[in-house]
Amino acid sequence: MSMPSMFTPRLSWLVTAAITTGLLTPTAIAESVQGEKIVIAGAGQSLDVRGYAKGTVSLYKNIADRDSLQNRCMGYGSLQPDHLMEIQKQTSEVTLQVKTRSQDTTLLVEGPDNRFYCVDDSAEGGKDAGLSLKNVKTGSYKVWIGTFDAGVGARYVLNVQSK
């Protein structure tokens, strides 16, 4: 298993051993969040957050292989979620749309019920990932922005809208 760049070479062997023996899981590593926190207080919000998709860690091998609908999770990102989205009031729909200048992006979301949602492209077409969550319950959602190809990083804007 390749260790992410956040570990020094001296710690890499220790982390590898801890993961191999089950003392440490990728989910435990992913508890910290890299980017801006997103707060949705109810319907009618629209906001943009910026970030950088690292493209270093296989999301389907380290976070989730398939989502709750058995869709294959794709892409390369980071072990840590890029954003934590806090839904404070239940809403009928939350749409997440990644925007980059030219990269092929992926999107992986873990809900408060430990259900995963994965997408490679947006519903409108194009290479930037977009996802609509329906009947969104309150709680914390972890959001990973990935790139389709390993080793490719991308600056992005994530647009989040609640209805």
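The values are calculated or read from the model by the stated rules, or taken from the named source; none is laboratory data. Note that the structure is predicted; figures quoted are calculated from it, not measured. Please note: Cβ atoms are built from the backbone with ideal geometry, for glycine as well, and neighbour counts cover all protein chains shown.
Out of all the residues in segment 113-122, is one or more loosely packed, with under 14 Cβ neighbours inside 10 Å and either of a type in the set (Phe, Trp, Tyr) or assigned to a strand (DSSP E or B) (or both)?
No.
Suppose the filter is assigned to a helix (DSSP H, G or I), surrounded by fewer than 19 Cβ atoms within 10 Å (Cβ to Cβ) and charged (D, E, K, R); does residue 89 pass it?
When the stated conditions are applied, residue 89 does not pass them.
Report, by residue number, each residue of segment 34-49 that is exposed (fewer than 13 other Cβ atoms within 10 Å of the Cβ), over 17 Å from the mean Cα position of the chain (by Cα) and not in a strand (DSSP E or B).
41, 42, 44
Looking at (1) closer than 13 Å to residue 146 by Cβ; (2) modelled with pLDDT of 95 or more; (3) crowded, with 23+ Cβ neighbours inside 10 Å, which is the one condition that is false for residue 61?
It fails just one condition, (3).
Look at residue 96 and say whether it is under 15 Å from residue 134 (Cβ atoms) and modelled with pLDDT under 95.
When the stated conditions are applied, residue 96 does not pass them.
Would you check if residue 127 is closer than 18 Å to residue 38 by Cβ, surrounded by fewer than 18 Cβ atoms within 10 Å (Cβ to Cβ) and not aromatic (Phe, Trp, Tyr)?
no
Search segment 124-140 for residues being charged (D, E, K, R) and part of a loop (DSSP other than H, G, I, E, B), and hand back the single one that is nearest to residue 93 (Cα to Cα).
Here the residue is 137.
For residue 20, which of the numbered conditions (1) of a type in the set (Ser, Thr, Tyr); (2) modelled with pLDDT of 90 or more; (3) surrounded by fewer than 21 Cβ atoms within 10 Å (Cβ to Cβ) fails to hold?
The one condition residue 20 does not meet is (2).
Being outside any loop (DSSP other than H, G, I, E, B), at pLDDT below 95 and either in contact with a strand residue (DSSP E or B) (Cβ under 6 Å, 6 or more places away or on another chain) or not β-branched (Val, Ile, Thr) (or both), is that true of even one residue in segment 152-162?
yes
Of all residues in segment 92-112, how many are part of a loop (DSSP other than H, G, I, E, B), closer than 15 Å to residue 68 by Cα and out of contact with any Gly (no Cβ under 6 Å at 6 or more places or on another chain)?
Going through segment 92-112 one residue at a time, the tally reaches 1.
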